[in-house]
Amino acid sequence: MADIASLKQALAFSPDNVPLLLMLGDAYLEQFSFEEARTSFEAALRIDPGNPQARLQIARILDLEGRGSEAILRIEQVCGDFPSFAPAWMLRAGFSLNENRPREARDFYERAVALDPSAKNEDLLKRIRQAGGTRGGGEGREAVPQRNSDRQAGAFFDPDFEDDFDEDFDDDDDLEIEFEQRTEVDFARVGGMESVKEDIRMKILYPMENRELFEAYGKKAGGGVLLYGPPGCGKTLISRATAGEIRAKFLSVGLHQILDMWIGKSEEKLHEIFEMARRNAPAVLFFDEVDALAADRKDMRSSAGRTLINQFLAELDSEASQNDGVLVLGATNAPWHLDSAFLRPGRFDRLVFVPPPDEPAREEIIRLMAEGKPVAGLDSAALAKKVKDFSGADLKAVFDQAIEGALSEAMRNGKIVPVTQKDLLRAAKNVKPSTRKWFESARNYALYANQSGFYDDILHYLGIQK
Ligand SMILES: Nc1ncnc2c1ncn2[C@@H]1O[C@H](COP(=O)(O)OP(=O)(O)OP(=O)(O)O)[C@@H](O)[C@H]1O
Ligand SMILES: [Mg+2]
């Protein structure tokens, strides 16, 4: 969390900065200083009347202060004014649950996740299910007080709704923990990312190759590296490639999966997963979306996540656990939501920023993507120049589009039509770089919540000197 003093300092220079005011409010809320939090959010609203985030947080404060019905009223208004603002639906789901209306809560929860899959909140989902949201359990319907039925009639009594929900949430069997014996991808398939590759080599490849030497210095192979950065820039790809590079097995785990599917058994499952990796060393254990573990500490009512976090930290602890030969990689877009306990030595003790590819890296990625495809007259350098701020995923979208065009022409002509440089340039015009938005918020965290200089890499990338 941002520290209050530096936020205030920043606000002294830019008093009308709404994102800063929101961060200050959040920081106060974090320490349960409701009055000050509210003052900050109200200040944000004076500058930006109607700001949904500020209104949402005020509703949250009202609820925390025990003014439940006022909180509900406020959040309903936010939902009404900004129907596609996922966090408002999510908060409303929590309120409904507190009012003992689990079905309504489910409806709102689903809406939030449909709008923004990353809004998932495993704690809340768990509590919704415990309150009567499981398959075959008719209790929920009885538990619902009728007094609000006018507002949620559609959600409650739509017979299809029940089925949809069950399919989405109650299928415990389809958890896929992917354990790849061998992965085809290695570092050569990953364009750029030289410093990330070197970090990973240093952490696992060299220690494995020079075991005695490293042991002489008291170092073991293995440990934890946390990759963070904007979406689509290769965190998942480099993790898989690491396994390929060191010919280790690769086990990929989505934490949302553990949390959603093994409600109540998450700790046990997590332990099993670590055990499986230890038995299979050398192995790369990859946790996608580690921020899913971040307990929403503003939600005082929920503490369920804590035991899982502790379990995770214990498994990760290189001192206590036998993680020799197990490299734990974590990936996140939002490292600031992670408990700082994760970043202590012996855990994820290396925080690696995965930036958008620079021009030479883009050129390399473009070349890699063109490989094995019918591309004629590729000028990867010229294309790389035109796609500033594009992520690897954005570049993939450019190729997909161009290839689709060529393919439909090929279908019409009945023969292979190559993708040309022109096709790629045209496709590039249609694809918007997706990394800028991430930096808008990352910048504020790096400037104002940069304890121990964790996010200096972001500042460096943005050319900001502190
Ligand atoms: N450096 C790269 N070299 C080659 N391809 C890349 C690179 N970076 C990204 N890509 C392409 O973009 C796709 C998306 O990358 P990836 O899933 O690894 O991103 P991510 O950082 O994990 O994103 P998210 O944060 O959304 O999970 C990859 O499957 C690959 O096709
Ligand atoms: Mg990923």
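FYI, it's all coordinate maths here, none of it is from the lab. Predicted model, so just to flag it, every value in this text is computed and none were measured. Here Cβ is always computed from backbone atoms with ideal geometry, including for glycine, and neighbour counts include all displayed protein chains.
Assorted remarks:
- Least to most buried among Trp336, Trp89 (fewest other Cβ within 10 Å first): Trp336, Trp89
- Spatially proximal lysines relative to Lys203 (Cα-Cα < 20 Å; intrachain offsets below 8 disregarded): Lys219, Lys220, Lys235, Lys249
- Spin-label model distance (nm) - Lys386 vs Lys432, 7 Å beyond Cα toward Cβ: 2.0
- Rounded FRET efficiency, nearest 0.05, which uses the C-beta distance separating Arg412 from Arg367 and R0 of 30 Å: 0.55
- DSSP-loop chymotrypsin sites (Phe, Trp or Tyr not before Pro) across segment 195-235, with at most 15 other Cβ within 10 angstrom: Tyr217
- Members of Lys197/Lys432; Lys396/Lys432; Lys197/Lys385; Lys396/Lys429; Lys120/Lys197; Lys373/Lys422 lying beyond 20 Å, as alpha-carbon distances in this model show: Lys197/Lys432; Lys197/Lys385; Lys120/Lys197
- Fully extending the segment from Glu212 to Ala5, taken as 0.36 nm per residue of separation minus the present Cα-Cα distance, adds 69.7 nm.
- In plain terms, the chain from Arg46 to Glu184 could stretch by 44.1 nm, reckoned as 0.36 nm per residue minus the Cα-Cα distance.
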